[in-house]
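The structure appears below as structure tokens.
The values are calculated or read from the model by the stated rules, or taken from the named source; none is laboratory data. Only a predicted model underlies this, so the values are computations on that prediction, with no experimental measurement involved. Methodologically, a virtual Cβ is constructed for each residue, glycine included, from the backbone with ideal geometry; neighbour enumeration extends over all protein chains shown. Note: accessible area is taken over every heavy atom of the protein model, side chains too, but ligands, DNA and RNA are not part of it. Shrake-Rupley method; radii C 1.70, N 1.55, O 1.52, S 1.80 Å.
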Amino acid sequence: MQVELDERVPRGGSSLMTVFGLPGAAVGFLFWVVVDRIEGSQTLPPLLVALALGISLAGGTYLLTVLKGQTVRAVVAAIGVGILTAALFYMASHYQGWAMSEGVLPFLANVLIVVVLLPFLRASAKGNSFFDYRPLFADAWSIPAIVGVAQAFVLVGAALAALVAALFAFIGLDFVRDLMGEPWFFMTYAGLLQGVAVGVVRQRESAVLAVRSIMMALLRVASPVFAACLTIFLAAVMIRGFGSLLDGLSPVATLTCAAAVAIVMINAIVADEGRPQTPLFAATSRLFGVLLIFVMALAVYGLAMRIGAEGFTPNRIVALLAVTVIGLYAPIYAAAALSESWVILRQGNIAMSGVLLVVAVFIQTPLFQPHSWSVASQLAIMEEAPGEVSPSDLIYLRDDLGDEGKAAFEELKAGQGELSDMARHIGERPGYRLPTLEDAGDIGSIIAGPHDMEIPETLLEAIRAKVLIGEEAIVTMPAAGEAIIFKYPKERGYMTFLLFRQTEGQWQELDQQGIYFRSDEERDAFLEEARAGRVGFETKSFRVPVVGDKVLTSAADRLKPYEVTEDPAN
């Protein structure tokens, strides 16, 4: 593979520090300034978090795009990227895309924006056209190689700093260790390391090309095997049926990831040459073209059936976006592979870069409303079959679908009908807070069930770490070395049970789950059984806790590691 080295990367020791190292240190220091303000705040300020994100992404953009004689241009481009991502992230903090994921989704969206923009920014700096595919393709694969190799250098630099600090400490000079313990110095030093690391790697592009070639070679070698496995999977699905595709989002996510891997492998097969180089790889690429259509058709079918049966949720809406994007890749790659017209692939990749940018921006705007869409969908399903609605469905509406879900729940409570009656019987969500130093020991009562049972002191210590202010706990020991604790606030309608097991003298928590009740009366009856000690285990598919006649079957999935296989009678 013939790839020309880019001689426009600043070279030499002085450039390494002035063009890469010092700007990296400056970015690290600015990042510390913002993070220090965040840590001094009582809440998480979205503006400061957005600034921290913008600074870090701007720094990475500069280090990966700066060329000889174009420092000012690289700085301007980096500042533009930083302002764009920080503004989008801050805007997202006011809308539902942030609320549904606590900022994780907008963060990933902005990282995606930078990943997509970097090859085009590097092309612009080199004077290449945005439609000149070969350098865009080369940069898209070189950037991960640069970042990966640079991180190895950063780890070496961090290890050397720790070693020097330890050596100096042996002779009574603790200033290096003390400096490394200062957040401002550590982040500045980390930025310096990042800058120097990227500079060293970019100055030695033969190493980048070697890593990139290894990455592509490994993917090419694995591609026939993966294509064969994917073919076997599809054949098995056709024989066994599609029922497993309805079991949550996991099958849809797995199918979408498989399609994404196939897309990456086709790109590795085509590589810089623009076409497969051997008959085996050509056949593999054609097979992938067919498989992509079937895999994404199954993913769409599984997601559609899930949404049709249980409605929209925020996670399903995000999954729908992912399936849609990968689904758009599938016909492009299938057409290119089956016709062996690889220009379709090249043009499709450039076009899909624009689609990715549009999606990444969309989910950070007020147009993206996962909570509102989910509330409308869930209410429609509930109103269609109110007799099949459980309290947990209404609690999900209230507690997991943001302000929109809370408003819909309150409207139900104020209304008339079966759903409204059920909503009015659901207790308020308890407002937990962790104990402070002033509150030490100020916890709710811990009682034994039955009352005359002696609770081991080691178990009491483990329980005290779990019981918060204003809670009460009932401790039961249905079997030797096992304990079930029921804790609850004064509010009605909600409870948590914790399962403990004693191992080598220490009590370890195995499981913790919430229990919901339709009414106060149901909960009071449950507590009466627990206080009397009428708690035990029954062996069904799994050993699950039993309180009176109520089997806590929701524990089964989490207790799979503790499945009972022997005959309980023995």
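Couple of notes before you dig in:
- The residues on offer are 85, 71, and the sole one that is of a type in the set (S, T, N, Q), crowded, with 16+ Cβ neighbours inside 10 Å and more than 23 Å from residue 10 (Cβ to Cβ) is 85.
- The residues on offer are 78, 25, 74, and the sole one that is without any contact (Cβ under 8 Å) to a residue 24 or more places away in the chain and in the same structural domain as residue 143 (by the TED database) is 78.
- Scanning segment 327-373 for residues that are open to solvent by 30 Å² or more (accessible area, probe 1.4 Å) and more than 21 Å from residue 120 (Cβ to Cβ) gives 331, 335, 338, 339, 340, 341, 366, 367, 369, 372, 373.
- Inside segment 276-285, residues that are outside any loop (DSSP other than H, G, I, E, B) and surrounded by 19 or more Cβ atoms within 10 Å (Cβ to Cβ) make up a count of 3.
- Residues satisfying the stated conditions in segment 374-390, i.e. part of a helix (DSSP H, G or I) and surrounded by fewer than 19 Cβ atoms within 10 Å (Cβ to Cβ): 376, 377, 379, 380, 381, 383, 384, 386, 387, 388
- Selection status of residue 301, closer than 30 Å to residue 371 by Cβ, at pLDDT 90 or above and among the aromatic types (Phe, Trp, Tyr): no
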